[in-house]
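The values are calculated or read from the model by the stated rules, or taken from the named source; none is laboratory data. Bear in mind that the values here come from a model prediction, so they are computed numbers and not experimental data. FYI the Cβ positions are ideal-geometry reconstructions off the backbone, even for glycines, and counts take in every protein chain you see.
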Amino acid sequence: MEIRRLNAGDAEKYRITRHEALRTNPEAFSSSYEDEMSYEVAEYRYRLERQSTYTFGALDQDRLVGIVTLVPEGKQKLKHRAPIFAMYVTPGVRGQGIGRFLMNTALKQAAELMQVEQVYLTVTASNEAAKKLYTSLGFKTYGVDRNAMRIEDTYFDDELMVLFL
């Protein structure tokens, strides 16, 4: 298993894994498969080329089985903050520590960006496995966004979490 920062050459693998994530766990992402299904590979290539965004992938041979994105804030007053987005591990390899490796890689990157002092993330309140992982890494819940997302007639709460580096 290799964990590394993804680049433009990984765009097609990223697109496939991203679409899988949006179909498999729609409650975990503010985007939907319907929002992104028509995106061309070029859209994902653009995301991966951005120097201010750090998307890491877990590759099992040639297959992308996990992803996480760290996006340090760009505004002067917010440069001490960096949110984490789009954490996903393919169901077939969950429980093997891949999520922990991805998160540790993103957190290490955040720590290397000298200005970053706080890392934020949002997690679906009902996702106990993810909350357990984040809590074990030192994240603390600081709020709940009730009915943060609606999929058809079902509402999902989000827990807002922070880790002070």
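Taking first residues from the stretch 98-119 that are within 22 Å of D60 (Cβ to Cβ) and partners that are in a helix (DSSP H, G or I), the Cβ contacts under 9 Å between residues at least 6 apart in sequence or on separate chains come to G99/A129; G99/A130; G99/L133; R100/L133; R100/S136; M103/L133; M103/Y134. Of all the numbered requirements in (1) without any contact (Cβ under 8 Å) to a residue 60 or more places away in the chain; (2) assigned to a loop (DSSP other than H, G, I, E, B); (3) closer than 23 Å to F139 by Cα, I84 misses one, and that requirement is (2). Within the stretch 17-31, is even one residue under 21 Å from Y134 (Cα atoms), surrounded by fewer than 20 Cβ atoms within 10 Å (Cβ to Cβ) and among the acidic types (D, E)? Yes, the stretch 17-31 contains at least one residue that is under 21 Å from Y134 (Cα atoms), surrounded by fewer than 20 Cβ atoms within 10 Å (Cβ to Cβ) and among the acidic types (D, E).
Residue-by-condition table, conditions (1) at pLDDT 95 or above; (2) buried (at least 17 other Cβ atoms within 10 Å of the Cβ); (3) not basic (K, R):
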| site | (1), (2), (3) |
| --- | --- |
| L107 | yes, yes, yes |
| K131 | yes, yes, no |
| M149 | yes, yes, yes |
| Y155 | yes, no, yes |
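Would you be able to say whether some residue in the stretch 109-123 is small (G, A, S) and either on the phi > 0 side of the Ramachandran plot or assigned to a strand (DSSP E or B) (or both)? So far as the stretch 109-123 goes, no, none of its residues is small (G, A, S) and either on the phi > 0 side of the Ramachandran plot or assigned to a strand (DSSP E or B) (or both).
Take the conditions over 25 Å from K131 (Cα atoms), part of a loop (DSSP other than H, G, I, E, B), in contact with a Gly (Cβ under 8 Å, 6 or more places away or on another chain) and among the polar types (S, T, N, Q) and apply them to S52. Does it pass? Yes.
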